[in-house]
1. Could you check residue 4 against (1) part of a helix (DSSP H, G or I); (2) under 18 Å from residue 100 (Cβ atoms) and say which number it fails?
2. Looking at the range 54-81 only, could you name the residues that are closer than 16 Å to residue 16 by Cα and not in a helix (DSSP H, G or I)?
3. Within the range 10-42, which residues are in a loop (DSSP other than H, G, I, E, B) and either surrounded by 14 or more Cβ atoms within 10 Å (Cβ to Cβ) or within 14 Å of the chain's Cα centre (by Cα) (or both)?
4. Regarding the range 44-53, can at least one residue be identified that is modelled with pLDDT of 85 or more and either assigned to a helix (DSSP H, G or I) or surrounded by 12 or more Cβ atoms within 10 Å (Cβ to Cβ) (or both)?
5. Every residue in the range 82-126 that is over 20 Å from residue 40 (Cα atoms), surrounded by 20 or more Cβ atoms within 10 Å (Cβ to Cβ) and either in contact (Cβ under 8 Å) with a residue 40 or more places away in the chain or out of contact with any helix residue (DSSP H, G or I) (no Cβ under 6 Å at 6 or more places or on another chain) (or both), please.
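The values are calculated or read from the model by the stated rules, or taken from the named source; none is laboratory data. Keep in mind it's a predicted model, so treat the numbers as computed, not measured. We place every Cβ from the backbone using ideal geometry, glycine too, and count neighbours over all the protein chains shown.
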């Protein structure tokens, strides 16, 4: 399971980075920095833009696409530690937002950091619930070492 997750999350990360910088018709324009917390979210609440395409992409999408990063504990036991995972994720997502500002591809928006981190936290909670309920024997796989899972020796 760990190997599959490692491969999937790697491809998923490259896909997300592509979409953040080049997808959706993005091209270099003047960089924009938005540091007013919850301004984007307030916009959708004030103008009743619920469930519009913009709302789904900017609010719901920014949460949902980062849920898999809450499952990083599958890859490394240390990442089951929420404060460490939180620190690493916030650092990573902040660097991406600053890169969007620097390259003028997208908006460096503090709300994106909040929403993306919310998605990661939801993923972390899902992993904890699945582990607690032992759905699909995931607890057993998480407790075993990486080398103990899906390793076979072939003698010729």
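1. (2)
2. 65, 66
3. Answer for the range 10-42, where residues must be in a loop (DSSP other than H, G, I, E, B) and either surrounded by 14 or more Cβ atoms within 10 Å (Cβ to Cβ) or within 14 Å of the chain's Cα centre (by Cα) (or both): 26, 31.
4. The answer is no, given that none of the residues of the range 44-53 is modelled with pLDDT of 85 or more and either assigned to a helix (DSSP H, G or I) or surrounded by 12 or more Cβ atoms within 10 Å (Cβ to Cβ) (or both).
5. If the condition is that a residue be over 20 Å from residue 40 (Cα atoms), surrounded by 20 or more Cβ atoms within 10 Å (Cβ to Cβ) and either in contact (Cβ under 8 Å) with a residue 40 or more places away in the chain or out of contact with any helix residue (DSSP H, G or I) (no Cβ under 6 Å at 6 or more places or on another chain) (or both), then 123, 124 are the ones that fit.
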